[in-house]
Structure formats: structure tokens, C-alpha cells
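Written out below as C-alpha cells is the structure these notes cover.
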Amino acid sequence: MNVPNDLLYAASHEWLRHEADHATVGITDHAQHELTDVVYVELPAVGAHFEAGAQICVVESVKAASDIYSPAAGTVEAVNEALVSDPALVNTDPYGNGWIFKLRLDSTSSPSSLKTPEEYSELLGQL
Amino acid sequence: METQLKRTPLATVHENLGARMMEFGGWWMPVQYSGILEEHKAVRTAAGLFDISHMGELVVSGLGAEAYLNGLFTNDVRLLSPGKGQYSLMLNDNGGVIDDLILYKREDGSFFLIVNASKIEEDFAWMQSRLPADVTLENQSGHWAGLALQGPRAAELLQQMLGAECLLPSRNHLIELQIANGPALLARTGYTGEDGFEWFCPAQVATFWWERILEAGRDLGVTPCGLGARDTLRLEACYPLNGSDLSPTLTPLEAGLAQFVKFEKGDFAGRAALETQRTEGVKKKLSALLMQGKTPPPRPHHPVLHEGKLVAETTSGTLSPTLGLGIALAYLPTDLSVPGTELAVEIRGRPFPAIVAPRPLYRRS
């Protein structure tokens, strides 16, 4: 499974790209593989605020709906509208065009408590 | 957990092929190989191969077999000539569905039944309790493996494999073939809405035939398929699934299966209850729902609303890969079951628009 070196990871299989007080979030290659064909993404509302670990949106395959959790505390400042017409981007490009939402991080938010690529790879190894 | 589940003769083959496995009706079954969407498409455009060894095979024979089965099932067994099959239902005394099945007549006084995996013991017990002296009932589920080859290219492939001189069965018919380890049965039936075949062979040769069909069908695009695609395919074709869309508290008249209920043939289990229902009219009817526009896929047990009021819940639901829209089945009040009726399906607390659509939702061209 692909685990890029420049991202942070949640144990619930979301990735986070941290840039100053902003973050882009999606689900990992492992997660998209486990979910199989993504056919619907229920995006969060722009402007909504979420705590770290809160259920923020839903990704659905043909078989099942899976909750996605916010890996950090913050306010949604953008969502990936391309997923409305092409939800399979989550499968084909999970770390690129398959991103799901962007957060403006709370000042108290600490993405550094997330897993490093090494720690996340180790977690996958134990699954 | 896995070890308590029943394994078909092909379970190891599925695992070795990298299939994703899950529990289904007490069995350890493949849910998908390459992906549900891809497998679904293969069946609609080429052919797919399914393991249906979990399904039950019951054999009924004897002088009184025809009369016995006619008194137990809703369809008219007397309409069957040797080599012909029919869809039928086994009802309780309230007219509710115990199981839906396919009944083949092999020859006079010899019948072969294909029943649902999760209902084998219950069906057998019900049938056994009504068995007359001149009929024998045998559960041969352990002896048989079942492979379903479904799709527009299925006939071409089988013709190639069995040779040009083999006359393939026509729709709903069965032929017997002599292969290693005993006779095999080839039926032209299925659960996908496509042309297709169900191949029943002794369990010991299941792996041989599975591999042989995949090998011979590679150039035609034949793909191994799991229960995930089986569900999306049957739902597009609006075939009900017992346990989801059929139950002991719902009758075949409510399920829209009246064509398989032959009142004129005489008495059968559940008939009195159905007569009453037929006279009074059914209050609810299994209907096909088509979601309007981009919505989350509906799933079983989602509320169905009409003008904001709860009127039903979905019994099955999925994304239709062919239509690109959500589809579902639900028992709607009869006056709302008319195609074109506007409804909403509530998914995670939000209503999404749907209309009642004619059944089936997919018909092969």
C-alpha cells in the first residue's frame, strides 16, 4: 500500500496534508482498497466546525457506507466538488484528486499528534 | 468465526483467487473478486461465473411426487414436462413465504429442487412433515456443487466447451450430462436478468469445472463474480431475495408473484389465506423505486415517505451500476404502488427523491 512520506495519518485511515494553519484531508490507499468501488461521497458543509475524531462525512461503496472522521479540529473551508460527479477519484487517486475536504485548523489543533508515515505503515503491517 | 461457517467445495479456490470473503446465510462466501462494478458489467456485457454451491438441492421421487409437490407449492407442477423447470413458492398456512425455489422435473415421478442456502433445513423439515408414504424426500445438498454462468456470451462458451453436437437447454429447461464422478445437470436459469446457465455437478469435480470454465472463457471476458454483483444484478432484474424481500409474514400476491400462484390447480398450502387476500385485494405491493439524480445508494430498512409521511421501508437497495442511480424495493400501500408515484427515501435522516418505476428495472435487449 502506498503511504506517502509528506503526510500525517489517523488510525481511522484518513490522511492529512498540513500547511501552516490549513490542512487537506482524504482517505488512505489502504482505506480506499478496503472500501472498494466508491460510488458516493457525502461531503461536509463548508463552514461547519469539527473536533478531532468527530464523524465529518460519509464515503459509500456499492455494499456499505463508511464514516470518515476529522483527523484534526478545525472549520471546513473547502470540499472537493469533483467527487459529486466522479466519486471513484477516491479510488484512483486517493492522495491527489481524490482529496475530500480542507480545514482551517483551530489554533489549539495539534496535527503533530497524528501518526507519521512510519507509524502508519507499522499500523498497516499489524492489520 | 470462519471455522464455524460452512465452506463450499470452492471456498479455497476463492481464497486463492484473492476474493474478499464474508458470511452469508451461515456460509463463507466470496463477496467480490475484482470489484462489484466490474463484475456486474462483465455479466451484462460478456459473462460471469458464480459459486452457488451454498444453495440447497432436494430430491423428491415416487409415484405420488407430483401430487405431493402440487399440494405444497403455488405453481402447477402438472405443467412440467420432463426436463422443464418452474419458479415456485412454498407457503405456510397463512400464505406467507417459507421459501422460493426452482423445481425441475427430471422424469415422471422424479423432481430436483433448488432452494435457498439459509432455508435448507427449514424447507426439508416442512416438506418431511407432510410427506406421504409413496414419496421419498432426500437432501442432496452435500453432494452437489453449483456454478452459475451468466451473461450474453454464456451460451457461446458452453457450446464451445461441450461440443457442437450438445444441444443446450432452452430457457427454464434442464439437461443431464454424464461427466466424471456421476451425472451433472445443466439448467438454463439464473438470478441476474441475463441469459445464463446453472451447472450442478458432484462436489468433487467443482474445482475442475470452475477452472475449466474460467480458462475456456478468458478470451470472451468471463469473470469470476461474488455475491456483491449477484445482489446488484438481481435487484436490477427485480428478483426478490428471501429473507429480505420475502418473509413468512408476506404473501406472493403482495410480492407481485401472482403469476406463479395457480389457484385453478386445486388446493395447496396457504391457498385459503391467499384466496381471502385475492378477494379483498392486497393492501401493499412490492414495488421498485428509482432514485432521482445523485443520491446516496438506498440500503435495506430505509424509511420511504410520501408527502412527508412514512409509508414503508425499503427491503433491499443498492446503486444500480447499469442505470447509475440508486434503486430499491419496498412494500408500498397499493394506491402508491403505481409507476410514476413520487416518493422520498430517507437516508441518514435526509429525504431524497424517488419514483415508483415499472418492474423490472433492467430488461436485457
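The values are calculated or read from the model by the stated rules, or taken from the named source; none is laboratory data. None of these values were measured; they are calculated from a predicted model. Using ideal geometry, Cβ is built from the backbone for each residue, glycine included, and neighbour counts are taken over all protein chains shown.
Assorted remarks:
- Spans of strands (runs of 3 or more DSSP E) in region A:50-111 with at least 1 residues modelled with pLDDT of 95 or more and within 14 Å of another protein chain (Cβ to nearest Cβ): A:55-61, A:65-69
- Restricting region A:23-49 to residues that are more than 12 Å from chain B (Cβ to nearest Cβ) and within 21 Å of A:Met1 (Cα to Cα), the residue that is surrounded by the fewest Cβ atoms within 10 Å (Cβ to Cβ): A:Thr24
- Any hit, region B:269-278, residues being assigned to a strand (DSSP E or B), touching a strand residue (DSSP E or B) at 6+ places or on another chain (Cβ under 6 Å), modelled with pLDDT of 95 or more and among the small types (Gly, Ala, Ser): no
- Checking B:Pro252 against (1) crowded, with 19+ Cβ neighbours inside 10 Å; (2) free of Cβ contacts under 8 Å to residues at least 40 places away in the same chain, the condition it does not meet: (2)
- Residue within region B:29-42 that is free of Cβ contacts under 8 Å to residues at least 40 places away in the same chain, over 18 Å from B:Leu137 (Cβ atoms) and either surrounded by fewer than 22 Cβ atoms within 10 Å (Cβ to Cβ) or among the aliphatic types (A, V, I, L, M) (or both) present: yes
- The one condition in (1) more than 14 Å from chain B (Cβ to nearest Cβ); (2) assigned to a helix (DSSP H, G or I); (3) not aliphatic (A, V, I, L, M) that A:His18 fails to fulfil: (2)
- You will find that of A:Pro71, A:Pro4, the residue that is over 12 Å from the mean Cα position of the chain (by Cα), under 14 Å from A:Tyr120 (Cβ atoms) and surrounded by 14 or more Cβ atoms within 10 Å (Cβ to Cβ) is A:Pro4 and no other.
- Test result for B:Leu289, modelled with pLDDT of 95 or more and over 22 Å from the mean Cα position of the chain (by Cα): no
- Restricting the search to strands (runs of 3 or more DSSP E) fully inside region B:98-181 and requiring at least 1 residues that are touching a residue at least 60 places away in the same chain (Cβ under 8 Å) and touching a His at 6+ places or on another chain (Cβ under 9 Å) gives B:144-150.
- Subset tally (residues that are of a type outside the set (A, V, I, L, M) and out of contact with any helix residue (DSSP H, G or I) (no Cβ under 9 Å at 6 or more places or on another chain)) for region B:246-270: 8
- Residues of region B:276-311 satisfying the condition of being within 20 Å of B:Arg348 (Cα to Cα) and in contact with a helix residue (DSSP H, G or I) (Cβ under 8 Å, 6 or more places away or on another chain): B:Lys294, B:His306, B:Val311
- Residue within region B:255-265 that is closer than 22 Å to B:Glu346 by Cα and not aliphatic (A, V, I, L, M) present: no
- Subset of region B:185-214 [of a type in the set (A, V, I, L, M, F, W, C) and part of a helix (DSSP H, G or I)]: B:Ala203, B:Val205, B:Ala206, B:Phe208, B:Trp209, B:Trp210, B:Ile213, B:Leu214
- One residue stands out in region B:182-203 among those that are among the hydroxyl-bearing types (Ser, Thr, Tyr) and in contact with a helix residue (DSSP H, G or I) (Cβ under 8 Å, 6 or more places away or on another chain): the one that is surrounded by the fewest Cβ atoms within 10 Å (Cβ to Cβ), namely B:Tyr191.
- Flag for B:Gly217 being in a helix (DSSP H, G or I), out of contact with any His (no Cβ under 9 Å at 6 or more places or on another chain) and surrounded by 22 or more Cβ atoms within 10 Å (Cβ to Cβ): yes
- Members of region B:60-87 found to be touching a Ser or Thr at 6+ places or on another chain (Cβ under 6 Å) and among the small types (Gly, Ala, Ser), listed by number: B:Ser61, B:Gly62
- Any chance B:Thr223 is in a loop (DSSP other than H, G, I, E, B) and not assigned by TED's automatic domain parsing to the domain that holds B:Leu91: no
- Any helices (runs of 4 or more DSSP H) falling wholly within region B:1-79 and containing at least 3 residues that are at pLDDT 95 or above and within 14 Å of another protein chain (Cβ to nearest Cβ): B:36-45
- Filtering region A:78-112 to residues that are touching a residue at least 24 places away in the same chain (Cβ under 8 Å) and either of a type in the set (Gly, Ala, Ser) or surrounded by fewer than 14 Cβ atoms within 10 Å (Cβ to Cβ) (or both) leaves A:Ala78, A:Glu81, A:Val84, A:Ala88, A:Gly98, A:Ser107, A:Thr108, A:Ser109, A:Ser110, A:Ser112.
- Every pair of residues 6+ apart whose Cβ atoms lie under 6 Å, when the first sits in region A:1-29 and is under 18 Å from A:Phe50 (Cα atoms) while the second is polar (S, T, N, Q) and at pLDDT 95 or above: A:His13/A:Thr28; A:Trp15/A:Thr28; A:Arg17/A:Thr24
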